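Let me begin by presenting the structure, written as structure tokens, before commenting on it.
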Amino acid sequence: MLRICKNDGINYQELTVEQIVRNSWINLVNPTDEELLLIAEKTNTPIDFLRAALDEEERPRIEIEDDFALILISIPVMLSETNYDTLPLGIIITPQNLITVCLENNPVVLEFNEYNRRFFNTAKKTRFLFQILYKSATYYLRYLRQISRLSEQIEVDLRLSMKNKELFVLMDLQQALTYFTFSLRANGIVMDRLLRIRSNNQFRHLIQIYEEDEDLLEDVIIENNQAIQMVEMYSRILSGMAETFASIISNNLNMVMKFLTAMTIILAIPTMIASFWGMNVNVPFGESNPFGFIIVITIIAAFTGITTYILLRKKVL
């Protein structure tokens, strides 16, 4: 999908490829080869820069080639209520335009639309870049808060009843936090390099950072660091929760096995005694004794009661 627009904070215009002008924003979502080649030709952008974000395993980084800069970051996506992941987002700054490339439609880029035109300006490419970074960090924080609330609900459910469903959800959340940790740390490295580029005269013509932009970049770094701290805290909480409930499950299994073993011993006593009197040999209280059956039942009850009492004293039952 290809979307092109120009916005100065007041006037928002949707453009076609033929109408691409200076200070346009070109957004590519899961583009075809034809769209990539077309944009590469129209903007003279290196095709490798356009393809970089289309690899799900691509790591966040910054590349600068001639008058083009590629800032590759990882953004969070919510696949379902309990499933989260990250995707690479490529932001390419050219002398004329700003280009974003991603494999899927994502909430970070979708925030910049006609209805929010007052909050971004495609002509101020560096500030627009920082706004995208800031929006990505805020979505990390939003999803982390959702994960926190979901983990609290899972804890309540597991206290009431141990079910595999809750344990699988817990596993998915731990996996999401692992992805978030890696991506946030890698994004932090990208932001640190942007700070270093700020003082490098060689790239000032490409990435122009003004005083108000520096404040925004500092806010982005603060938000990213806060997200890193939160994801580390939640990871420890979920790991501790998983270990605790694993111990509880193991303890419950031991209690069940102990109970079943004790019941097996108790039930074996009547069976064993009845087997003795069922043998085809002369035994006390045989068929000649009218009270033989009652006596045998009394013996069985006595031995069973004694065994049960011993097991109860030992706290096996």
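Find all pairs meeting these conditions: Cβ atoms under 7 angstrom apart; at least six residues apart or on different chains; first residue within the stretch 164-188 and under 22 Å from Glu56 (Cα atoms) and in contact (Cβ under 8 Å) with a residue 24 or more places away in the chain; second residue of a type in the set (A, V, I, L, M) and outside any helix (DSSP H, G or I).
Listed pairs, sorted by first residue: Asn187/Ile73.
I'd like to know if the stretch 180-194 contains one or more residues that are surrounded by fewer than 16 Cβ atoms within 10 Å (Cβ to Cβ), modelled with pLDDT of 85 or more and among the aromatic types (Phe, Trp, Tyr).
yes
Conditions (1) buried (at least 18 other Cβ atoms within 10 Å of the Cβ); (2) touching a helix residue (DSSP H, G or I) at 6+ places or on another chain (Cβ under 6 Å); (3) at negative phi, marked per residue:
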position	(1), (2), (3)
Ile4	yes, no, yes
Thr16	no, no, yes
Trp25	yes, no, yes
Val29	no, no, yes
Thr32	no, no, yes
Asn44	no, no, no
Ala52	yes, no, yes
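Pick from Asn97, Asn116, Asn83: which is free of Cβ contacts under 8 Å to residues at least 60 places away in the same chain and more than 20 Å from Asn187 (Cα to Cα)?
Asn116
Going by the conditions given, is Ser74 in contact (Cβ under 8 Å) with a residue 24 or more places away in the chain and within 30 Å of Ser250 (Cα to Cα)?
Criteria not met by Ser74.
Would you kindly identify the strands (runs of 3 or more DSSP E) lying entirely within the stretch 1-62 that contain at least 1 residues that are closer than 29 Å to Asp85 by Cα?
Per the criteria, 2-7, 25-29.
Of the conditions (1) surrounded by 13 or more Cβ atoms within 10 Å (Cβ to Cβ); (2) outside any helix (DSSP H, G or I), Pro284 satisfies every one except a single condition; which number is it?
Exception for Pro284: condition (1).
Out of everything in the stretch 214-227 that is surrounded by 18 or more Cβ atoms within 10 Å (Cβ to Cβ) and under 18 Å from the mean Cα position of the chain (by Cα), what residue ends up being farthest from Gln153 (Cα to Cα)?
Asn224
Being surrounded by fewer than 14 Cβ atoms within 10 Å (Cβ to Cβ) and within 19 Å of Met78 (Cβ to Cβ): is that true of Glu114 here?
Spelling it out, it is not the case that Glu114 is surrounded by fewer than 14 Cβ atoms within 10 Å (Cβ to Cβ) and within 19 Å of Met78 (Cβ to Cβ).
Considering every residue within the stretch 151-159, establish whether at least one is in the same structural domain as Ile228 (by TED's automatic domain parsing), touching a residue at least 40 places away in the same chain (Cβ under 8 Å), touching a strand residue (DSSP E or B) at 6+ places or on another chain (Cβ under 9 Å) and of a type in the set (Ser, Thr, Tyr).
Taking every residue of the stretch 151-159 in turn, none turns out to be in the same structural domain as Ile228 (by TED's automatic domain parsing), touching a residue at least 40 places away in the same chain (Cβ under 8 Å), touching a strand residue (DSSP E or B) at 6+ places or on another chain (Cβ under 9 Å) and of a type in the set (Ser, Thr, Tyr).
Which of the following residues is in contact with a Leu (Cβ under 6 Å, 6 or more places away or on another chain) and either at pLDDT 80 or above or within 30 Å of Ala176 (Cβ to Cβ) (or both): Ser235, Ser239, Ser247?
Ser235
Answer yes or no: is there a residue in the stretch 249-272 that is assigned to a helix (DSSP H, G or I) and within 25 Å of the chain's Cα centre (by Cα).
Looking through the stretch 249-272, at least one residue is assigned to a helix (DSSP H, G or I) and within 25 Å of the chain's Cα centre (by Cα).
The values are calculated or read from the model by the stated rules, or taken from the named source; none is laboratory data. For clarity, every value in this text was computed on a predicted model and none was experimentally measured. Neighbour counts run over all protein chains shown; Cβ positions are idealised from the backbone, glycine included.
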